[in-house]
Amino acid sequence: MVTGVGTAARHQVDFRIRAGRLLARTSLYMVLSLGAFLFLVPFVWMVSTALKEAGDVMKFPPEWIPQPVLWGNFVEAFTQDYAPFGIFFKNTIVITATAVFGQLLSASLVGFSFARLRWWGRDYLFLVVLATMMLPYQVTLVPVFVLMKVLGWIDSFLPLIVPFYLGGGAFYIFLFRQFMMTIPLELDDAARIDGCGTLWLYARIILPLSGPALATAAIFSFLAHWNDFIGPLIYLNSVSNYTLSLGLRILQGYGGYGIQRWNLLMAASLFVMLPVLLLFFFAQKYFIQGIVTYGVKG
Amino acid sequence: MHKGKLWRRIRPHAAGWLCASPWILGFLVFTLGPMIWSIYYSLTEYPLIRPPVWVGLDNYRFMLQEDKFFFNSLRVTTLYAIVAVPLHLVMGFLMALMLNQKIRYIALWRTVYFLPSVVSGVAVALLWQWIFNSDFGLANWLLGLVGIDGPSWLLSPTWALPALIIMSLWGVGGSMVIFIAGLQGVPQALYEAAEIDGSNAVQRFWHVTVPMVSPVILFNLIIGLIAALQTFTQAFIMTAGGPKQSTHFFMLHLYNNAFQWLKMGYASALAWVLFAYILIATLFVIRSSSLWVFYEGEIKGR
């Protein structure tokens, strides 16, 4: 039997625990909200600036809702004669699309070779693949530049595209290999009995089953080429060949110190970010999968 | 007939090599070959318009004795890495702990924190340059709300590097996601067992969570370190190394030597120093990890 006093004491303890939990919950939500505010406010700030009149940008404290809302900033950012963003956009799309395609094609084929075929030297070469992951790109930067110069490829898109058709980089090969190893081996045997050749096996059986790996690789490859800065910076000279990253830099350079036209710069930057953000909202799953494959299984 | 038999034996190997050949070719042409050339260039003076001239170890001597910017760029890069990388780990881990609880709209919270880490490059650098504008920027407006008169950030030799570190924390969502995956891999039974043994939440955190997630901490540490030591775009766009060389990162120095002053030989020597630095730092972290990283297999193996 529980005495009356005991019950009251227990209620009190119960209440304390519950109050403690409530307090912990509330402070958790408060910390999360504050953090979310700090993580999102730069985006809001960017959009707000991008839609302001030049005069309203330099107001302090800032006005968050632009008066009037100036969509024309996007048009103006696009129609500068010193920074033709239409051309930059086209160039970036051409480079990104061709490079992503080559990277997926060649990394998946090489990954297939490492995951599904048995051949002399395979495991040693795979160690070499992993070792190149550790090699910083700076070590080969200068000689590759010299090579491109000898080939006469400077100021063309080729240095930003061709290397990705040759293997596509260790990270992507690794990603495809890891995924393709999880596909049951019986499929290969069955295909072989049906008289399937190696390339047929790759193109008709393994690749179609590697959808998630393709999606993840496509996203990371897209991000890398879309945002690439040092590659275009080194290899592209004429403005008509510039990418969006270099275009932003011209726009920045024209402002000079102090009279930077931040509304135009933010409009252009937002435009460059937008495809990435859209992609993120539609394919968040694959973003996370890619990072986790690299981080936990790696 | 003999040829046919031999071919049948060789064929699967040939197919394997053939499928891997794009990478093998790429490795030879764009990695191994350039590495060897890079060693050679680092021992020459090579202004690009004239062929390389052998100078032996002179580039390395120049680096240590005469290059005014070399040690400063090492110092800036090291300082950035030493502050930014641990901050990333702690913040990423804390955020992962919070977002691994049972809370409402968990997917939405995670998206919010993850989102900034997917954008990168020049656009982000410009955004943060504007945020850190000393007169009209967001940073000083926020500080003003809590009564702090903000510094002049990118224009101040003291505050430019901290500004770049704060900016880098905006992208902490990537390591947070890896930490969440790590936390979800910790078997629930361990927590239950620890609770039965009478441990409190703090003890469970230090004796269950931290050891079980330590391999993930190691991974994030190494990846973060390598990335930090190669920092380039932000510094190039936002400060161009200034003010007073306070953000003159190693990679900026390398870029200037190679592509501004066309000192290809010297830039190659710098690249090898960077490589050695990254390698030594990584090996040091890995060696030290035997003291603090816990692998489940070690106990299972006993």
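Where a number appears in this text, it was derived from the coordinates with a stated rule and is not lab data. If you're wondering where the values come from, they're calculated on a predicted model, not measured in any experiment. In this analysis, Cβ positions are derived from the backbone assuming ideal geometry, glycine residues included, and neighbour counts consider all displayed protein chains.
Just a few scattered comments:
- Peptide B:105-117 shows a mean partner chain C-beta count of 4 within 10 Å per residue C-beta.
- Fraction in percent of alpha-carbon pairs per bin - 5 Å, region A:180-298: 2, 9, 13, 13, 12, 12, 11, 9, 6, 5, 3, 2, 1, 1, 0
- Stretch gain in nm, segment B:I82-B:T158, where the contour uses 0.36 nm per residue and the Cα spacing is subtracted: 25.7 nm
- When only alpha carbons are used to place a centre, region B:172-201 and region B:115-166 end up 35 Å from one another.
- Computed per residue of chain B from DSSP H runs no shorter than four, each worth -39500 (n - 2.57), the mean residue ellipticity at 222 nm is -21000 deg cm²/dmol.
- Pairwise Cα inverse-distance average, inverted: Kirkwood Rh of chain A (Å): 23.7
- Around the amide H of B:T44, modelled in the peptide plane, lie the amide H atoms of B:V55, all under 5 Å away and 5 or more residues distant in sequence or on another chain.
- A simple spin-label model places pseudo-atoms 7 Å from Cα toward Cβ; at A:L22 and A:F281 they are separated by 3.8 nm.
- Taking the alpha carbon gyration tensor of region B:66-189, multiplying each eigenvalue by 5 and rooting it gives semi-axes of 31, 20, 13 Å, largest first.
- 5 angstrom amide H check on A:W153, placed H, neighbours 5+ away: none
- Under a Gaussian network description of chain B, with springs only between Cα atoms under 10 Å, the residue in B:V112, B:V55, B:V202 that fluctuates furthest is B:V202.
- Hz values of 3J(HN,Hα) by residue in region B:44-57 - Karplus curve (6.51, -1.76, 1.60), Gly and Pro given as x: 10, 9, 9, x, 6, 7, 10, x, x, 10, 5, 10, x, 8
- Kyte-Doolittle mean at least 0.0 and Cα axial length at least 15 Å: DSSP H helices in chain B: B:68-98, B:173-184, B:210-229, B:264-292
- Span-like helix ranges in chain A, DSSP H, alpha carbon extent 18 angstrom or more, Kyte mean at least 1.6: A:138-151, A:262-292
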